[in-house]
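**Q** Have a look at this one.
The values are calculated or read from the model by the stated rules, or taken from the named source; none is laboratory data. Bear in mind that the values here come from a model prediction, so they are computed numbers and not experimental data. All Cβ positions, glycine included, derive from the backbone under ideal geometry; neighbour counts span all protein chains shown. Accessible surface areas use protein heavy atoms only, side chains included; no ligands, DNA or RNA. Shrake-Rupley method; radii C 1.70, N 1.55, O 1.52, S 1.80 Å.
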Amino acid sequence: MPGFEVFGAEERKQVNDVLESGVLMRYGFDGMRNGHWKAKQFETTFAQRMQSAHCQLVSSGTSALTVALASAGVGAGDEVIMPTFTFVASFESIMMLGAVPVLVDIDDTLTLDPKAVENAITSKTKCIMPVHMCGSMADLKVLKQICDKHNLLLLEDACQAIGGTFEGKPLGSYGDLGCFSFDFVKTITCGEGGAVITNSEKYAVNADQYQDHGHDHVGSDRGAETHPHLGYNFRISELNAAVGIAQLDKLDSILATQKRNYTIIREVLETIEGVTFRRVPEGGEENYSFLNFFLPSEELATKAHKALSESGVEACFYWYTNNWHYINGWEHLRNLKSLAPLSSEIKNQIQDLNNTDFSKSDAWMSRTVSSLIKIGWTEAEVKKRAEAMKKAILSVL
Ligand SMILES: *Cc1c(COP(=O)(O)O)cnc(C)c1O
């Protein structure tokens, strides 16, 4: 997955354009910037690549989620449905706005279970936030039907699945809003950065203003701009955006390499009786950033994960207990440990997460092992890795 593996002369050239003028900010200073508008250029190119009308770059994937929610009017007391398997940014971005995260089970797609989503809808629900974890997507068709039926927003977190598609559409472009991260370990990186895409003119204008203190961005005198509503500072810098331009140029070749590496490993693991694979919803194509597979039981998954690391196979993850991508690892959320008092809406409405039954999620997560797919591996290295993985897994079955 990581775009940093292909960081090179192209990125340095883009950054140098910015360093030569010294205009590190994305707005203003027209006369000094030698015609370089890196953030704007990235936005135009990215919107096209993602087949969306609008793109708003921001400072991170987490701020992209916050800006997306805010631009669609999600705020205090509104409920946002999100999965138990995700990155902490999901609930952070929701709670930042005083909105209430509602955690629901995942299924064998390792993303939102549509049945669990429907059961969690209340009169306060405003948004469904599927997270396309580890390179593959939620069942967007069914989720969209649920959103249409209940008049809810569909916000896709595509931070880990850039370049994947559903029904021919780039992930992130299927819902009302889509979010991406360009942090240092993502498929393409800006160092730090994120993006919101949407086809809604209204959300795009709101996002543009909200991420820059509510500035209306009309005219050429920043100090004299009006402020239609309150905002915040989630701006990206020109330096980060410049790196992103070079990385975006490499996206398609990164995806092709990921697919090759993924396929080599998958074909070898498919020959192991007892290993099955995460379900990709019909109409979807992964971005191949991870290969996710199931062992027959929790015990065998734990053993297989241990055998893999002991035999020197790097970058295999057992999210169920080893990392903070699953609710098991979120002691701070479950016990609402905050530096300062939380809003009364959150305190009153949030689930008792220590006593909510997530056994359906546990059943899938406890059996899941994920292998990161690197782009720096040669074909010979991937073949060697695939055989080493097979040997390690067979040793416990
Ligand atoms: C990385 C990530 C984010 C947050 O991105 P940052 O740029 O690190 O803030 C959000 N959601 C998912 C699924 C991620 O993997």
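**Q** If you check Thr271 against the conditions, is it assigned to a helix (DSSP H, G or I) and over 30 Å from Gln211 (Cα atoms)? Show your work before the answer.
**A** Working: assigned to a helix (DSSP H, G or I): no; over 30 Å from Gln211 (Cα atoms): yes.
So Thr271 does not fit the description; no.
**Q** Okay, moving on. Please count how many residues of segment 83-96 are within 11 Å of the ligand (Cβ to nearest atom) and of a type in the set (Val, Ile, Thr). It would help to see each step written out before you state the result.
**A** The first filter runs over segment 83-96 and keeps only residues within 11 Å of the ligand (Cβ to nearest atom), leaving 83, 85-93.
The next check asks that each one be of a type in the set (Val, Ile, Thr); those that pass are 86, 88.
Within segment 83-96, residues that are within 11 Å of the ligand (Cβ to nearest atom) and of a type in the set (Val, Ile, Thr) number 2.
**Q** If the requirement is being in the same structural domain as Ser59 (by TED's automatic domain parsing), within 16 Å of the ligand (Cβ to nearest atom), touching a residue at least 12 places away in the same chain (Cβ under 8 Å) and more than 28 Å from Asn119 (Cα to Cα), which of these qualifies: Gly214, Gly231, Gly135, Gly191?
**A** Working: Gly214 fails: within 16 Å of the ligand (Cβ to nearest atom); Gly231 fails: within 16 Å of the ligand (Cβ to nearest atom); Gly135 fails: more than 28 Å from Asn119 (Cα to Cα).
Only one candidate passes the filter, namely Gly191.
**Q** Additional query: Can you pull out the residues in segment 214-251 that are among the hydrophobic types (A, V, I, L, M, F, W, C), modelled with pLDDT of 95 or more and either crowded, with 22+ Cβ neighbours inside 10 Å or in a helix (DSSP H, G or I) (or both)?
**A** The answer is Phe234, Ile236, Leu239, Ala241, Ala242, Val243, Ile245, Ala246, Leu248, Leu251.
**Q** Identify, by number, the condition in (1) within 11 Å of the ligand (Cβ to nearest atom); (2) buried (at least 23 other Cβ atoms within 10 Å of the Cβ); (3) small (Gly, Ala, Ser) that Ala99 doesn't meet.
**A** That leaves (1) as the condition not met.
**Q** Right, something else. What's the number of the only condition in (1) open to solvent by less than 20 Å² (accessible area, probe 1.4 Å); (2) more than 30 Å from Gln349 (Cα to Cα); (3) assigned to a loop (DSSP other than H, G, I, E, B); (4) at pLDDT 95 or above that Gly75 fails to meet?
**A** (2)
**Q** For segment 322-340, enumerate the residues that are touching a residue at least 24 places away in the same chain (Cβ under 8 Å) and farther than 18 Å from Asp357 by Cβ.
**A** Trp324, His325
**Q** Then there's this: Of all residues in segment 1-11, how many are open to solvent by 70 Å² or more (accessible area, probe 1.4 Å) and under 21 Å from Lys40 (Cβ atoms)?
**A** Taking segment 1-11 first, the residues open to solvent by 70 Å² or more (accessible area, probe 1.4 Å) are 4, 7, 10.
Cutting the leftovers down to under 21 Å from Lys40 (Cβ atoms) gives us 10.
Total satisfying the criteria: 1.
**Q** Is it the case that some residue within segment 158-167 is open to solvent by 10 Å² or more (accessible area, probe 1.4 Å) and within 10 Å of the ligand (Cβ to nearest atom)?
**A** Let us first name the residues in segment 158-167 that are open to solvent by 10 Å² or more (accessible area, probe 1.4 Å), namely 159-160, 163, 165, 167.
Checking which are within 10 Å of the ligand (Cβ to nearest atom) leaves us with 159-160.
Checking segment 158-167: at least one residue is open to solvent by 10 Å² or more (accessible area, probe 1.4 Å) and within 10 Å of the ligand (Cβ to nearest atom).
**Q** Right, something else. Does Glu156 qualify as being closer than 21 Å to Gln48 by Cβ and modelled with pLDDT of 95 or more?
**A** Details: closer than 21 Å to Gln48 by Cβ: yes; modelled with pLDDT of 95 or more: yes.
Here the answer is yes, as Glu156 does meet what is asked.
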